[in-house]
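Asks: Before anything else, here's the structure in question.
The values are calculated or read from the model by the stated rules, or taken from the named source; none is laboratory data. Remember, predicted model here, so these are calculated numbers, not experimental data. Here the Cβ is made from the backbone with ideal geometry for all residues, glycine too, and neighbour counts use every protein chain on show. In case anyone asks, the SASA skips ligands and DNA or RNA and just uses the protein heavy atoms, side chains included. Shrake-Rupley method; radii C 1.70, N 1.55, O 1.52, S 1.80 Å.
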Amino acid sequence: MGQKWLHKGSYALIGNVFQLGFAFLTFLILVRVLSPEALGTWVLYMLVMSIVDMTRQGFVQQGLVKFGSEDTSAYGSINGAALFLKVGISIALSLVLRISASYFAALWKAHDLLVILQISFIYFLHSAILRFMEGILLVNQAYKKLAILYFLYGLFFATGILIWVLIGRELSVFQLMIGQCGSFLLSSACMLLPISAYWKVSCPTKKWISKLFHYGKYTLGN
């Protein structure tokens with residue numbers, strides 16, 4: 001049993017290394033190709049997205065992992081409720097950012113930030129797919145596949161930036177956001193078949209939507 005958990009833990013560690021490694025590599029590339037203003041706008045955008053994404057994850061993910069691993073008989077219904085909440089929260093958060101985009105852009109004196117925050121629903125809907133896959137893999141303790149998912153996302157994003165720069169195209173913050181969303185979609189599509197055994201989603205029920213919602217209130221608060 002100890003060796004089994006050590007084996008799974010090693011894949012979880014590898015997944016985190018992939019995330020940090022590709023994030024660092026991407027940052028090194030962007031430092032060299034973006035203007036200081038564009039780089040500052042991208043950092044501010046990622047700051048906002050990280051905080052908002054953490055809000056969405058805190059509200060749904062922990063409840064999904066807890067209840068999904070405890071009640072296997074309702075696995076499909078729990079997944080359906082989690083997906084319903086993720087999409088609903090994504091739409092709500094994107095509306096909040098659309099309304100407050102002009103405030104943040106004026107506060108930080110970053111005009112380009114206004115445009116990408118106003119269309120942040122593109123980021124939320126694409127990332128919701130990957131985050132939902134992440135939750136399913138955590139429920140099933142499939143850390144090896146989770147590490148592969150992180151690797152694919154980081155690889156697609158970093159490679160896309162490199163190719164765009166090497167062919168001599170100018171890179172803007174808007175194009176970075178589109179490339180990021182494309183990386184979410186491509187990495188998720190590549191993992192559809194490998195995680196098909198875990199991909200069981202039933203129509204969300206009021207019971208599980210309510211349980212996940214009320215559990216999420218406290219995990220988000222923490």
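Asks: What whole-number value in Å² describes the accessible area per residue of the chain for a 1.4 Å probe? Don't skip to the answer; put the middle values down first.
Replies: Numbers: 11860 Å² over 222 residues.
Each residue of the chain exposes 53 Å² on average to a 1.4 Å probe.
Asks: What is the local net charge at residue 38, summed over the other residues whose Cβ is closer than 11 Å to its Cβ (Lys, Arg +1; Asp, Glu -1)?
Replies: -3
Asks: Exceeding 24 Å between C-alpha atoms, which entries from my cross-link table qualify? They are 144/211; 86/211; 145/207; 145/206; 86/207. Don't jump to the answer; show the numbers that get you there.
Replies: Working: 144/211 29 Å; 86/211 14 Å; 145/207 30 Å; 145/206 31 Å; 86/207 16 Å.
Violating the 24 Å Cα-Cα cut-off are 144/211; 145/207; 145/206.
Asks: Where the centre of each part is set by its Cα atoms, how far does the stretch 65-99 sit from the stretch 114-164, in angstrom?
Replies: 16
Asks: At 7 Å along Cα-to-Cβ for each site, give me the label-to-label distance between residue 155 and residue 71 in nm.
Replies: 3.8
Asks: Where in the chain are the DSSP H helices whose C-alpha atoms run 18 Å or more along the long axis and whose mean Kyte hydropathy is at least -0.5? Before the final figure, lay out the partial values.
Replies: Working: long enough: 2-33 (46 Å, 0.87); 36-70 (49 Å, 0.46); 75-107 (45 Å, 1.39); 121-139 (26 Å, 1.65); 143-166 (34 Å, 1.60); 173-190 (26 Å, 1.34); 206-221 (23 Å, -0.61).
Span-like helices here: 2-33, 36-70, 75-107, 121-139, 143-166, 173-190.
Asks: Assign one of three labels to the chain, namely rounded, prolate or oblate, based on the Cα gyration tensor with a ≥ b ≥ c the square roots of its eigenvalues; rounded applies when a/c is under 1.5, prolate when it is not and a/b is larger than b/c, and oblate otherwise. Mind showing how you got there, number by number?
Replies: Working: a/c = 2.20, a/b = 1.39, b/c = 1.59.
Oblate, since a/c reaches 1.5 and b/c is not below a/b.
Asks: Continuing with this model, one more query. Among 77, 106, 65, flag the residue with its Cα farthest along the positive direction of the charge dipole of the stretch 1-112, charges on Cβ as +1 for Lys/Arg and -1 for Asp/Glu.
Replies: Going by the charge dipole, the pick is 65.
Asks: With +1 assigned to the C-beta of every Lys and Arg and -1 to the C-beta of every Asp and Glu, and no other charges, what is the dipole magnitude of the chain about the Cα centre in debye, to the nearest 20? Please list the in-between numbers first.
Replies: Values: 17 positive and 7 negative charges, 121 e Å.
Charge dipole, the chain, about its Cα centre: 580 debye, nearest 20.
Asks: Using a ≥ b ≥ c from the Cα gyration tensor of the stretch 7-88 (square roots of the eigenvalues), is it rounded, prolate or oblate, where a/c under 1.5 gives rounded and otherwise the larger of a/b and b/c decides, a/b for prolate?
Replies: Details: a/c = 4.20, a/b = 1.81, b/c = 2.32.
Oblate shape, in that a/c is at least 1.5 and b/c is the bigger or equal ratio.
Asks: Which distance in nm do the two modelled labels at residue 118 and residue 29 give, with both placed 7 Å along the Cα-to-Cβ direction?
Replies: 2.9
Asks: Checking the a/c ratio against 1.5 first, then a/b against b/c, what shape does the Cα gyration tensor give for the stretch 144-222?
Replies: Working: a/c = 2.99, a/b = 1.89, b/c = 1.59.
Note, shape of the stretch 144-222 comes out prolate.
Asks: Ok, one more. Which trypsin sites (Lys or Arg not before Pro) from the stretch 43-121 combine a DSSP loop assignment with at most 10 other Cβ atoms within 10 Å? Walk me through the intermediate numbers first.
Replies: Working: sites: 56, 66, 86, 98, 109; in loops: 109.
Loop-located and lightly packed - 109.
Asks: Take the solvent-accessible surface of the protein heavy atoms, probe 1.4 Å, and return the percent of it on the chain that carbon and sulfur atoms account for.
Replies: Details: 8220 of 11860 Å².
Roughly 69 percent, rounded to a whole number.
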